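The values are calculated or read from the model by the stated rules, or taken from the named source; none is laboratory data. Since we're looking at a predicted model, the values are computed, not measured. Note that each Cβ is placed from the backbone with ideal geometry, even for glycine, and that neighbours are counted across all protein chains shown. Remember, those area values only see protein heavy atoms, side chains included, never the ligands or the DNA or RNA. Shrake-Rupley method; radii C 1.70, N 1.55, O 1.52, S 1.80 Å.
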Amino acid sequence: MTHLLDVRDLVVDYVLADRRVRALDGASLTMASGESVALVGESGSGKSTLGSAAGRLLPPSADLRSGDIAVLGESLAGLSNARIRQVRRERLGFVFQDPIGALDPTMRIGRQMRLAQGDRGSIRDQLERVRLNDPERVMRAFPHQLSGGMAQRVGIAMALSARPRLLVADEPTAALDSQVRQDVLDTVFALAAEAGTGILLLTHDLSAVSRRCSRMAVMYGGRVVEDGPTAEVLSSPLHPYTAALARSVPGNTARGERLESIPGRPPVLTSESAGCAFAARCAFAEDRCRNERPVPTRVDGRTVLCHRVAEGVS
Ligand SMILES: Nc1ncnc2c1ncn2[C@@H]1O[C@H](COP(=O)(O)OP(=O)(O)OP(=O)(O)O)[C@@H](O)[C@H]1O
Ligand code: SF4
Ligand SMILES: [Mg+2]
């Protein structure tokens with residue numbers, strides 16, 4: 001079966017003046033067509049790096065060391081610049097955290113939508129579909145004249161205008177207040193479902209995930225440490241890090257609150273982790289956890305990276 005997205009063992013460093021930061025340390029993730037997958041994990045775990053890599057949109061300071069990314073079976077690594085632009089235009093859509101910053105401040109909305117999309121469909125209709133109720137006014141406006149919620153709806157309209165196969169939404173509602181956040185997410189998911197677009201939602205908001213994404217992948221230290229059906233991952237986590245996260249879900253965590261409930265700090269890697277990156281914070285760590293890298297293990301329809309998963313430690 002051809003996957004919508006197939007990220008395999010991806011290793012990415014950022015090269016700074018005086019050091020390297022390893023952002024992805026062997027990250028793997030696959031998505032089927034039309035699937036909605038949440039990618040969750042603390043700040044710095046590598047979500048945005050993985051999301052950007054899915055469109056070969058990493059900044060110049062990023063060094064893709066090894067691994068592969070394929071969209072609909074086509075590996076992005078060797079593509080010409082012309083072809084990657086075509087893949088982005090025809091198959092991919094991106095929405096980022098800062099809705100106003102993602103737009104050109106010097107140009108009216110209508111004009112930038114026309115430039116970005118050529119003649120595809122009526123821009124007015126696209127703005128109506130994202131539930132902007134005065135599209136004429138929005139088209140005449142400059143980005144700074146819109147609220148954050150309105151600007152993000154414009155961003156979503158632009159990202160979905162070509163009916164992409166995959167939408168990467170990187171904390172699309174983090175800058176919005178909580179009622180607007182729910183409405184905007186509802187709009188994204190409804191439109192994507194209608195168009196058969198798969199969503200990769202990068203987020204800290206576990207309550208949004210639990211209601212909207214059928215699958216969830218948990219990142220830690222630049223790797224996906226647990227991946228499976230959302231309801232099961234949250235109700236019976238198999239990885240000790242997921243278990244700690246799940247304890248902080250609804251009831252205990254306000255919507256949109258960032259995930260900071262686990263004692264200790266996440267690692268900042270400079271090279272390949274020698275063992276399990278969670279070992280320093282894990283109550284179940286033993287010697288091999290510090291010295292041997294865990295490999296993906298399939299358990300009950302889930303993939304888990306933990307040496308002790310068979311013992312049911314979490
Ligand atoms: N442009 C960059 N230059 C240097 N280091 C970077 C850059 N972008 C990310 N990093 C580092 O790479 C690691 C992974 O970062 P990334 O932004 O992918 O994580 P994230 O899970 O998206 O975090 P957040 O939840 O804060 O958005 C972190 O250590 C981060 O500091
Ligand atoms: S591999 Fe070891 S340190 Fe890592 S999560 Fe499992 S038990 Fe904890
Ligand atoms: Mg991020």
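Of these, Leu57, Leu39, Leu16, Leu24, which one is open to solvent by 50 Å² or more (accessible area, probe 1.4 Å) and within 16 Å of ligand 3 (Cβ to nearest atom)?
Leu57
Would you confirm whether or not region 170-178 contains a residue that is away from ligand 1 (no atom under 16 Å from the Cβ), open to solvent by 30 Å² or more (accessible area, probe 1.4 Å) and out of contact with any strand residue (DSSP E or B) (no Cβ under 6 Å at 6 or more places or on another chain)?
Within region 170-178, one or more residues are away from ligand 1 (no atom under 16 Å from the Cβ), open to solvent by 30 Å² or more (accessible area, probe 1.4 Å) and out of contact with any strand residue (DSSP E or B) (no Cβ under 6 Å at 6 or more places or on another chain).
Residues in region 73-83: is at least one closer than 23 Å to Ala192 by Cβ and touching a strand residue (DSSP E or B) at 6+ places or on another chain (Cβ under 6 Å)?
There is at least one residue in region 73-83 that is closer than 23 Å to Ala192 by Cβ and touching a strand residue (DSSP E or B) at 6+ places or on another chain (Cβ under 6 Å).
With the checklist (1) assigned to a helix (DSSP H, G or I); (2) touching a residue at least 24 places away in the same chain (Cβ under 8 Å) in hand, flag the one item Pro172 doesn't pass.
(1)
Of the conditions (1) closer than 30 Å to Gly222 by Cβ; (2) touching a residue at least 12 places away in the same chain (Cβ under 8 Å), Arg83 fails just one. Which one is it?
Just one mismatch for Arg83, condition (2).
For the structure I just gave you, tell me whether Glu128 is open to solvent by 30 Å² or more (accessible area, probe 1.4 Å), charged (D, E, K, R), in a helix (DSSP H, G or I) and farther than 18 Å from Ala195 by Cα.
Spelling it out, it is not the case that Glu128 is open to solvent by 30 Å² or more (accessible area, probe 1.4 Å), charged (D, E, K, R), in a helix (DSSP H, G or I) and farther than 18 Å from Ala195 by Cα.
Can you tell me which residue in region 274-314 is most open to solvent (accessible area, probe 1.4 Å), limited to those that are outside any loop (DSSP other than H, G, I, E, B) and among the polar types (S, T, N, Q)?
This residue is Asn291.
Considering only region 132-159, state which residues are part of a helix (DSSP H, G or I) and over 24 Å from the mean Cα position of the chain (by Cα).
Pro135, Glu136, Arg137, Val138, Met139, Arg140, Pro143, His144, Gln145
State yes or no: is Ala162 closer than 23 Å to Gly198 by Cβ, modelled with pLDDT under 90 and either open to solvent by less than 50 Å² (accessible area, probe 1.4 Å) or within 27 Å of the chain's Cα centre (by Cα) (or both)?
So Ala162 fits the description; yes.
Test Asp227 against the stated conditions and say whether it is of a type in the set (Asp, Glu), touching a strand residue (DSSP E or B) at 6+ places or on another chain (Cβ under 9 Å), buried (at least 19 other Cβ atoms within 10 Å of the Cβ) and at pLDDT below 95.
The answer is no for Asp227.
Going through Ala208, Ala192 one at a time, which residue ends up being modelled with pLDDT under 90, part of a helix (DSSP H, G or I), at negative phi and open to solvent by less than 10 Å² (accessible area, probe 1.4 Å)?
Selected residue: Ala208, the only one of Ala208, Ala192 that is modelled with pLDDT under 90, part of a helix (DSSP H, G or I), at negative phi and open to solvent by less than 10 Å² (accessible area, probe 1.4 Å).
Within region 12-48, take every residue that is more than 12 Å from ligand 1 (Cβ to nearest atom) and β-branched (Val, Ile, Thr) and give me the one that is nearest to the chain's Cα centre (by Cα).
If we take residues in region 12-48 being more than 12 Å from ligand 1 (Cβ to nearest atom) and β-branched (Val, Ile, Thr), then Val37 is nearest to the chain's Cα centre (by Cα).
Among the candidates Gln112, Gln117, Gln86, which residue alone is open to solvent by 20 Å² or more (accessible area, probe 1.4 Å) and closer than 20 Å to Leu167 by Cβ?
Result: Gln86 is the single residue among Gln112, Gln117, Gln86 that is open to solvent by 20 Å² or more (accessible area, probe 1.4 Å) and closer than 20 Å to Leu167 by Cβ.
Could you look through region 49-75, keep only residues that are within 18 Å of the chain's Cα centre (by Cα) and assigned to a loop (DSSP other than H, G, I, E, B), and pick out the one that is farthest from ligand 2 (Cβ to nearest atom)?
Leu72
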